[in-house]
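Here is the structure we will look at.
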Amino acid sequence: MRIARLLSGTALAVAATGALAAPASAAAGGGLEIHPATVSPGSTVTVNTTACGAGGTATGDASAVGAGPFTLAPSTHPEDAVGQFKVPPSAQPGTYEIVAKCSGAGGPATKNKQVAGDLMVTVTSTADAGERQQPHPKGHVKTGVGGALGPDPVQTAAGVAALAVAAAGGTWLLHRRARGDRI
């Protein structure tokens, strides 16, 4: 019984390790890498892939986020195609799929191969948050006085007098009650 538990625990650990390692190896095998993966509207994004082979090019599509098509060209790294696009300032927060389709320049095996990656747009990116300073409010707070009191000093004096009479009357009633007089 103890050996069965040990073997099943080992099998689960191996399966979990394999499941966690699978996405990393899939990205290394020619997925679409997006840097930075989390951006704010107006940022420039760099996209690269090894899926198109050595000297391969691709046409990228960032229309999901509103940026439209862009080109991935061979880079100085072997078998890497790199491109850039700018996230429009009007982009809404969310996760968007960015797609690239290889041309035949990298060889017949890569022609029309399509790869994709996710781009997350946030209100502020973590890189921009450290660089931006929060604006400080300036000027006077315009709260107004309310609808009952206006700029007329006579109305203001009448309101203050009414409050004073109410306070005096309340004090007089409490004083009578404390002496034991019937009200």
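The values are calculated or read from the model by the stated rules, or taken from the named source; none is laboratory data. Just so it is clear, the model here is predicted, and its values are computed rather than measured. All Cβ positions, glycine included, derive from the backbone under ideal geometry; neighbour counts span all protein chains shown. Just the protein is used for accessible areas: all its heavy atoms, side chains included, with ligands, DNA and RNA removed. Shrake-Rupley method; radii C 1.70, N 1.55, O 1.52, S 1.80 Å.
No other residue among GLY60, GLY68, GLY9 is farther than 22 Å from ASP80 by Cβ and modelled with pLDDT of 50 or more apart from GLY68.
What residue, among those in the range 84-101 that are hydrophobic (A, V, I, L, M, F, W, C) and within 19 Å of ASN112 (Cα to Cα), is surrounded by the most Cβ atoms within 10 Å (Cβ to Cβ)? If we take residues in the range 84-101 being hydrophobic (A, V, I, L, M, F, W, C) and within 19 Å of ASN112 (Cα to Cα), then ALA100 is surrounded by the most Cβ atoms within 10 Å (Cβ to Cβ). Take the residues in the range 38-83 that are of a type in the set (Gly, Ala, Ser) and part of a strand (DSSP E or B), then tell me which one is most open to solvent (accessible area, probe 1.4 Å). Ranking the candidates gives ALA73 first. Scanning the range 113-131 for residues that are at pLDDT below 80 and either open to solvent by 50 Å² or more (accessible area, probe 1.4 Å) or in contact with a Leu (Cβ under 8 Å, 6 or more places away or on another chain) (or both) returns THR124, THR126, ALA127, ALA129, GLY130, GLU131.
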